[in-house]
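Every number here is computed from the coordinates shown, using simple stated rules; none is lab data. Quick caveat, the model's predicted, so the values are computed rather than measured. Glycine gets a Cβ as well: all are built from the backbone with ideal geometry, and neighbour counts include every protein chain shown.
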Amino acid sequence: MRLAAKHLRRLLPLLVTLAICCPKTQASNTRIVLDPTTFPPISRPLLQETADQVAKAVDELIPGDYPNGRNPKILCFVAKGKWGEQPRAFIGKPKKIEPASARNYDMRVALTPEVLPGAWQRLVFQLSHELAHQKMDARVDNNAIETFAVALSLEVLHRLGYDPYREANERYYTQTVPPEVMSALNRGDWQTVGLYIRYQWRLEFREDWTRPTQFVAAMALRKMGNFPWNKLLNIGATAECGSNRPEGWAQFCPLSPASLADFPESVNAVLAGNDMNILIVRTDPTHQDGAGLTFKEKGKWVSLRWSRKNDPVMPDGFLPLD
């Protein structure tokens, strides 16, 4: 015992030195401040507790400093009027619709009035989604980034024990998705899911995005298991919109083909383009059997398949979509 104590006394200075010079790597310790002018005093303390849990979960999933070294102290407020129709993430100079306290924060998150007076599950869903955008770089956006944000919000709901709410949202947002696609999702057929996603996102540059396909893709990412959440940190830096990225509103910028190079093959099958193949489509008034994916859309049957880019033979009735 004396010998052990003697050795321990000798080791103590070394242990103290190690503790000082080599601290344990930690997450970016996001701190959420609920705006006192838009969150009522009666519910703010309880909602603050939930907001703290969300911040901790997001930091664990996507550890590291925010893009451009931004201060991790983030203001969260409830938007009003037409601005309250959907959550938003803001960076830089405050907009007129933001509360006066916004001028003290580089990053802000606006939530919808649905989180009041105490809808904790909605706060979890909305706040985690917008914090994901801040982690990825809220100055840019596209369908893939939206998918990552939806997937992370679903994961945080699960980790905080709100699975019934998560499952209800998954059912709600995918109710218009063809059953053939949901069947492929449930059996883990990522190539088929990728066919549908690629088809629906073909007009990403020109049409408003819809949540159903983002939910399908997000549910697929979570279903794969062991998704590399940490790779989402500052993934917006790979978006193809040059160096001109104004603060405030997010602008549409497609991800570079190299953005997903380090992600698992299954993720690429759902979200990435296919360099070797092109997507071909056929529309029929009646159901036609064949390889690929066939589903009903707007009263007609749509068949999707991959075809080799260098193959001069096009199957009957099919047209290249790419």
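Here are the numbers:
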| read-out | value |
| --- | --- |
| Considering only region 277-320, percent of DSSP beta bridges that pair antiparallel, nearest 5 | 100 |
| Cα-projected label distance for Gln48 with Arg202, points at 7 Å along beta-carbon direction, nm | 5.2 |
| Built amide H within the under 5 Å cut-off of Ser256, gap 5+ | Ala239, Glu240 |
| Of Thr210, Thr238, Thr147, the one that fluctuates the most in a GNM where the chain has Cα springs shorter than 10 Å | Thr210 |
| For Val33, distant residues with modelled amide H under 5 Å away | Ile74, Leu75, Cys76 |
| J(HN,Hα) series, region 52-64, from Karplus relation 6.51 cos²θ - 1.76 cosθ + 1.60, nearest Hz, glycine and proline x | 5, 5, 5, 4, 5, 5, 5, 5, 5, 6, 10, x, x |
| Helical contribution to [θ] at 222 nm, DSSP H n ≥ 4, -39,500 (n - 2.57), averaged over the chain, rounded to 500 | -12500 deg cm²/dmol |
| Farthest positive-ward along the chain dipole, Cα basis, beta-carbon charges - from Val58, Phe125, Leu221 | Val58 |
| Trp301 long-range amide H proximity, modeled H, under 5 Å | Asp284, Thr286 |
| Restraint check, Lys135/Lys231; Lys56/Lys223; Lys73/Lys231; Lys82/Lys135; Lys96/Lys135, Cα-Cα greater than 20 Å | Lys56/Lys223; Lys73/Lys231; Lys82/Lys135; Lys96/Lys135 |
| Under the Karplus curve 6.51 cos²θ - 1.76 cosθ + 1.60, θ = phi - 60°, whole-Hz ³J(HN,Hα) for region 275-287, x wherever Gly or Pro sits | 5, 8, 10, 10, 8, 10, 9, 9, 10, 9, x, 10, 5 |
| Order of Arg282, Arg171 under a 10 Å beta carbon neighbour criterion, fewest first | Arg171, Arg282 |
| Cβ-placed point charges (K, R +1; D, E -1), dipole of region 277-320 about Cα centre in debye, nearest 20 | 160 |
| Among Ala258, Ala55, Ala144: highest mean-square fluctuation, GNM of the chain, C-alpha pairs under 10 Å | Ala258 |
| Electrostatic dipole magnitude of the chain [Cβ: Lys, Arg +1; Asp, Glu -1; Cα centre; debye, to 20] | 1260 |
| With Cα atoms, 0 to 90° folded angle of helix 143-159 axis to the chain main axis | 50 |
| By average C-beta atoms within 10 angstrom, highest first, the peptides 101-107, 158-164 | 101-107, 158-164 |
| Residues of type aspartates and glutamates that Lys300 reaches as a straight line, Cα spacing below 20 Å, ignoring anything fewer than 8 places off in the same chain | Glu180, Asp284, Asp289, Asp316 |
| Dipole axis of the chain (+1 Lys, Arg; -1 Asp, Glu on Cβ), positive-most option in Phe148, Ala89, Leu304 | Ala89 |
